[in-house]
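Each value in this text was obtained by applying a stated rule to the coordinates, not by laboratory testing. Because the structure is predicted, anything quoted here is derived from the model rather than measured. In this analysis, Cβ positions are derived from the backbone assuming ideal geometry, glycine residues included, and neighbour counts consider all displayed protein chains.
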Amino acid sequence: MCYAEEIDKQASPLQSACAGGAAGAVTRAVAQPLDVLKIRFQLQTEPIKLGSKYSSIIQGLSSIVKEEGFFALWSGHIPAQLLSISYGILQFSTFEKLTELSKRSDPNFYLEHKHWLNFTNGATAATVATIVSFPFDTIRTRLIAEQKTQKVYKGFLNAFSIIIKTEGSKALFKGLVPTLAQIAPHAGIQFAVYKLLRDNVFNRIKIFQRSTTFGVIESSLLANFLAGGIAGIVSKTAIYPFDIVKKRLQIQGFQQHRKGFGKQMYCNGLLDCIKLTITNEGFLALYKGYGPSVLKAILVSALHFSVYDEIKYFLLRLSH
């Protein structure tokens, strides 16, 4: 018998892309409300306490539904789906290709250093996927940031055209620098922790194993879900402040449309944003929205990896 990690290389680029895109679509549909709430928290400059616009997960969700309607929890869902699908396709197909090249070029080196290679391959794949899909992220943030009772944009295409017309194409890449600063280590940690838990922990425990028709021991769906969830917690906690800064940079030039949400921040670039956030709100402001964000990270990472592996192995079985 061989283990699931030994058949990863059998997945073609098309199979990896299909599995990655599907995993992105599923996780985005499920986790979007938490993403909306997380971004609202991140953009709130007032302290998160009783009486503030958003003070807790339950209060925040109920406030959005009460003031803007239930479907406001899926604000920006179309660009968010385009973001997740394109990101998933590029991230997983690039990671699988880099892993295959690593194994082929020097099998012994790969076996000795596979955890570090999982980290670097994951970081590289995420960087490529982020640069390509970033405009979808900016539009998603704008659609979530606007107040639904005073809409600025009529939808994805309208937001895209207005941003290009009024702010220029560079506005679609606002916040790219802190995003790349966080996404590379975030994805690297995710892949390294997930692969470590899947292939070296859960895959060796009998209750978390399952055998396939072509003689391979796979970790079960539950094992993959747990490994993905743990990977999500670790990676999100490590890089969270960069996510705050990214979101605040993405709404620069849009603050006049968010007056109903309270005080707005005006900053000039990455360092100024960090300085103003800490000076005006305290260091812990860099972790605003951490509650819904870490819940989302657990859910998204668990679903992302487990759905990806399920679909990938399903496609592999069909091809055998």
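Lysine pair count for region 102-196 with Cα-Cα distance under 16 Å and sequence separation of 8 or more or different chains is 5. Taking the charge dipole of region 2-319 about its Cα centre, with +1 at Lys and Arg Cβ atoms and -1 at Asp and Glu Cβ atoms, the residue from 256, 234, 116 reaching farthest to the positive side is 256.
Report the residues of region 150-164 in range of a label on residue 71: point 7 Å along Cα→C-beta, backbone N strictly under 14 Å from it. Only 154-156 pass the distance filter.
Neighbour counting of Cβ atoms within 10 Å sorts the residues 74, 116, fewest neighbours leading, into 116, 74. Annotation: extensible slack from residue 200 through residue 267 equals 19.6 nm (criterion: 0.36 nm per residue apart, minus Cα-Cα distance). With 0.36 nm allotted per residue and the present C-alpha distance subtracted, the residue 255-residue 132 stretch has 41.7 nm of extension available. Between residue 14 and residue 221, the distance separating the two model label sites (each 7 Å from Cα on the Cα→Cβ line) works out to 2.6 nm.
Between residue 275 and residue 112, the modelled label-to-label distance comes to 4.7 nm, taking each label 7 Å out from Cα in the direction of the beta carbon.
Distance between the C-alpha centres of region 75-132 and region 197-273: 14 Å, rounded to the whole angstrom. Between 106, 35, 199, the Gaussian network model of the chain with springs among Cα atoms under 10 angstrom shows the greatest mean-square fluctuation at 106.
Around the amide H of residue 209, modelled in the peptide plane, lie the amide H atoms of 220, all under 5 Å away and 5 or more residues distant in sequence or on another chain. Ordered by the count of other Cβ atoms within 10 Å of each Cβ, fewest first, 309, 272 give 272, 309. Which Cα, out of 126, 39, 11, lies furthest along the positive dipole direction of the chain (beta carbon charges, K/R +1, D/E -1)? So the residue furthest toward the plus end is 39.
Modelled label positions at residue 150 and residue 58, each set 7 Å beyond Cα in the direction of Cβ, lie 3.1 nm from each other. With 35 Å as the cut-off, how large is the P(r) tail for the chain, expressed as percent of Cα-Cα pairs? The share of Cα pairs beyond 35 Å in the chain comes to 23 percent.
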